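The values are calculated or read from the model by the stated rules, or taken from the named source; none is laboratory data. Not measured: the values here are computed from a predicted model. Every residue, glycine as well, gets a Cβ built from its backbone with ideal geometry; the counts of neighbours run over all protein chains shown. These accessible areas exclude ligands, DNA and RNA; they are computed on the full protein's heavy atoms, side chains included. Shrake-Rupley method; radii C 1.70, N 1.55, O 1.52, S 1.80 Å.
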Amino acid sequence: MLKASIADSGSDCMFCQEPKNELPSWGTLLPLFPPSLLCNNCENQLKAIAGPSCAICSRPQPVNEVCEDCKRWESDPDLQGILDHNRSLYRYNNIMQEMIAQWKYRGDAALALIFRENIRKLYLHHYTGYIPVPIPLSSKRLIERGFNQSQLLADFTNEPLAFYEKWQLLTRKSSPVPAVLPLLERTIHEEKQSKKSRRERLLAKENPFQLSSAFKFSVNSKNFILLDDIYTTGTTLRKAAKRLKEHGAKSVCAITLARG
Amino acid sequence: MYFCHVLLPDKTEPVCLPELAVEEKDVIQHGPDVISSLPDLPPPPQPVLASEHTPFLQNVLYGKELLLEETQCTLEELKPFLRAGLVTVRAGLIPTNKGYQCRRCHNSDPARFGLFSCARCQKGCIYCRYCIMMGRISTCSALFRWNGAPPSFSPHISLLWEGVFSKGQKRAAKTIIQTIKEKDELLVWAVCGAGKTEILFPGIETALQSGARVLLATPRTDVVLELLPRLRRVLPEAIIAGLYGKSEEKQVPAQLVIATTHQTMRFTDAFDTVIIDEVDAFPYTAETSLVQAVQKAKKKDAATIYLTATPTTTLQKRVQKHTLPVTKIPRRYHGHPLPVPRFQWCGPWKKRLKKGRLPKPVQTWCEKHIQSQMPAFLFVPSVNVLETITTILKKYYSSIEGVHSGDEDRLSKVAAFRNGTCPLLVTTTILERGVTVPGAEAAVFGAEEDIFTESALVQIAGRVGRSKEQPGGDVVFFHVGKTNAMLAARRHILTMNKAPANGEENTYVKSKHR
Ligand SMILES: [Zn+2]
Ligand SMILES: [Zn+2]
Ligand SMILES: [Zn+2]
Ligand SMILES: [Zn+2]
């Protein structure tokens with residue numbers, strides 16, 4: 001249940017609320033490609049991550065090899081191989097920061113819809129068969145915010161498939177799309193992240209996540225895809241992934257909106 | 001968080017309370033339910049309680065309607081005040097027959113309401129996307145307001161300003177004082193560069209001395225930042241707050257509030273005098289919402305002053321019909337006439353840009369300015385055109401810059417233009433107001449495009465000739481066909497230049513108060 005408008009009028013840009021003023025293109029005539037929710041100006045400011053990047057965390061860099069940060073993670077015997085890899089859609093530039101601030105902190109839940117198609121595509125392309133798992137909020141934070149942004153992103157993987165997508169999955173002999181499972185819960189309340197230094201954040205040893213007791217579900221030898229808004233240091237995702245791997249998960253990957 | 005209509009043991013009228021504040025002896029008449037599903041209750045009478053002296057809550061809530069998270073209190077802390085009627089609560093969204101209306105910004109366009117699955121009320125929650133930057137108001141949100149005595153301010157305020165008014169300014173300042181005293185309405189129509197801030201000083205002083213609260217609303221944050229220190233300097237005894245997107249002063253109770261239009265939306269029944277700067281600087285849709293926000297922020301019988309160089313047609317019509325008093329300042333502070341724009345046909349420029357070239361006259365104009373180091377604005381109709389032109393010019397002149405509203409380096413580029421390291425600034429209409437650079441000249445590229453309205457063109461021409469030392473300068477509209485807006489803009493400037501600078505006919509005030 002997420003809608004940009006209760007009137008179904010898509011003529012204004014979802015972010016800056018100015019008229020979109022777009023010329024009809026092939027995209028809007030063919031139902032295969034839903035029209036963008038943004039005006040050209042906003043759309044052009046979003047920078048997709050393309051070109052060479054770190055094979056593990058998708059940080060953009062001159063060559064396709066594992067970045068220094070990831071090498072450090074991989075040298076920690078505790079966390080080595082915990083997160084198979086992360087794929088981010090966009091760079092964390094000004095407009096992305098503004099969008100995420102309006103979405104998470106101002107509470108504009110429906111803004112997530114901007115990213116719906118690209119999250120679905122990324123998931124369907126690389127991760128069908130992987131069980132989508134949102135990064136949970138503490139119950140206090142969830143009441144404060146009114147929604148969990150990771151949950152919204154995870155839900156996009158479960159949207160009904162278009163006919164051509166079903167056809168593609170069939171011809172590729174891909175696995176079906178499993179339901180989103182809120183397998184993790186957050187038992188330690190989020191502290192104000194910004195008040196901690198990057199180093200403190202990296203060093204905080206305690207793991208705030210737990211496998212939810214509400215599910216009688218065996219994690220063993222299954223594949224999981226975590227969904228979250230930003231990959232900054234990768235700490236949160238690794239802590240969440242650790243819980244799944246501890247219980248025998250075969251592979252844990254992540255899809256994030258932005259690479260900070 | 002659910003709410004109920006409750007009859008308290010010793011009362012005859014029901015009050016709206018959060019479920020958590022209801023006690024055993026209370027009689028629940030409606031609810032518990034999401035607050036917007038409960039009918040609106042009439043405001044309860046102001047309680048005659050002197051015992052509970054609560055400056056903190058009074059300061060935070062007086063004259064405003066705030067979300068719980070903005071009150072800095074928990075529901076438990078608010079409970080005794082809610083039960084005593086010192087704090088009251090209303091729904092943030094009012095149901096209408098086509099959806100909802102937002103109590104804070106008055107948005108009622110269904111296209112501007114979103115829907116999400118809400119963890120607070122466990123339901124599908126509709127929320128206003130129009131004022132989302134101030135925090136989400138949804139169907140389960142309540143707005144809290146102060147229902148006790150208002151805070152009082154010292155009337156011992158005196159103006160410390162030793163500047164000299166031009167004759168036009170003097171007349172306008174007098175009219176403003178009169179308007180404030182009579183709680184009337186007034187349009188101050190002052191050309192760009194007339195010095196319209198100073199003429200407010202005596203009026204604001206008069207209002208504050210009478211114990212009134214004054215709101216100065218402006219569309220732009222940079223105006224708040226510019227006016228705040230100036231007003232603090234000239235009115236040192238007054239308590240003044242500046243409110244804009246990122247300001248820290250939201251909770252300061254002040255007798256003079258300088259706020260961006262968005263910030264005025266938080267106020268209700270709070271001001272005796274309201275001054276609205278650049279009323280026309282809003283896109284059409286935002287305009288009505290602004291007017292409503294200001295209507296809500298001011299008290300019923302408040303004085304209202306509109307301040308602009310380019311009044312909207314709505315305001316101009318009211319002036320013609322003599323339903324809106326007006327005072328005009330047709331002459332700049334330095335006494336020189338406004339530069340009159342000239343029109344220059346430049347051929348089908350879209351084709352030329354596609355080939356990576358500028359139309360000849362535009363190229364000549366740019367080169368002349370860059371080579372002679374004379375600062376020049378080149379206004380363009382869109383970001384796409386901006387990027388094309390900037391690329392073309394940068395091939396030859398690497399120091400020129402292009403700016404638009406989404407530009408991350410906007411401030412540093414404008415600074416470079418101000419200090420002369422960047423000789424020519426290509427810009428979208430974002431810089432049509434505000435930025436003033438002595439000796440600058442201006443050109444509009446593609447002046448026939450819709451985005452260049454009469455008021456935009458007048459404002460652009462107003463960038464030129466601002467300083468006493470260089471009161472003239474070139475304003476040119478490059479076009480492929482004259483539009484009504486272009487002609488109207490030139491007519492507007494010529495009319496202002498022809499108007500007698502000091503004539504009494506520049507002021508029309510109602511002889512009798514309505
Ligand atoms: Zn936009
Ligand atoms: Zn990496
Ligand atoms: Zn609103
Ligand atoms: Zn709700």
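Selection of the stretch B:103-137 for residues being among the polar types (S, T, N, Q) and either under 17 Å from A:Met99 (Cα atoms) or away from ligand 3 (no atom under 15 Å from the Cβ) (or both) yields B:Ser117, B:Gln122. On the given criteria, is A:Gly107 among the small types (Gly, Ala, Ser) and more than 14 Å from chain B (Cβ to nearest Cβ)? Against the criterion (among the small types (Gly, Ala, Ser) and more than 14 Å from chain B (Cβ to nearest Cβ)), A:Gly107 does not qualify.
Of the numbered criteria (1) open to solvent by less than 40 Å² (accessible area, probe 1.4 Å); (2) touching a residue at least 60 places away in the same chain (Cβ under 8 Å), the one B:Pro348 fails is (1). Does B:Leu186 count as touching a residue at least 40 places away in the same chain (Cβ under 8 Å), touching an Asp or Glu at 6+ places or on another chain (Cβ under 6 Å), part of a strand (DSSP E or B) and aliphatic (A, V, I, L, M)? Taking the combined requirement at face value, the residue does not satisfy it. Inside the stretch A:103-129, can you point out the residues that are at pLDDT 95 or above and not in a helix (DSSP H, G or I)? Matches in the stretch A:103-129: A:Gly107, A:Asp108.
A residue that is surrounded by 13 or more Cβ atoms within 10 Å (Cβ to Cβ) and within 16 Å of ligand 1 (Cβ to nearest atom) occurs somewhere in the stretch A:82-93.
For the stretch B:73-96, does any single residue satisfy the condition of being farther than 18 Å from B:Tyr2 by Cβ, without any contact (Cβ under 8 Å) to a residue 40 or more places away in the chain and within 14 Å of chain A (Cβ to nearest Cβ)? Checking the stretch B:73-96: at least one residue is farther than 18 Å from B:Tyr2 by Cβ, without any contact (Cβ under 8 Å) to a residue 40 or more places away in the chain and within 14 Å of chain A (Cβ to nearest Cβ).
Comparison of B:Ile94, B:Ile126 shows that the only residue that is of a type in the set (Val, Ile, Thr) and under 23 Å from B:Leu61 (Cα atoms) is B:Ile94. Within the stretch B:323-379, the set of residues being over 36 Å from the mean Cα position of the chain (by Cα) and part of a helix (DSSP H, G or I) comprises B:Lys351, B:Arg352, B:Leu353, B:Lys354, B:Lys360, B:Pro361, B:Gln363, B:Thr364, B:Glu367, B:Lys368, B:Gln371. Within the option set B:Val15, B:Val6, B:Val34, B:Val27, being in contact with a Cys (Cβ under 6 Å, 6 or more places away or on another chain) and among the β-branched types (Val, Ile, Thr) holds for one residue only, B:Val34. Where strands (runs of 3 or more DSSP E) sit wholly within the stretch B:46-136, those with at least 2 residues that are crowded, with 20+ Cβ neighbours inside 10 Å and within 16 Å of ligand 4 (Cβ to nearest atom) occupy B:87-91, B:99-102, B:113-117, B:124-128. For B:Pro375, the conditions (1) within 14 Å of chain A (Cβ to nearest Cβ); (2) open to solvent by 20 Å² or more (accessible area, probe 1.4 Å); (3) touching a residue at least 24 places away in the same chain (Cβ under 8 Å) all hold with the exception of (1).
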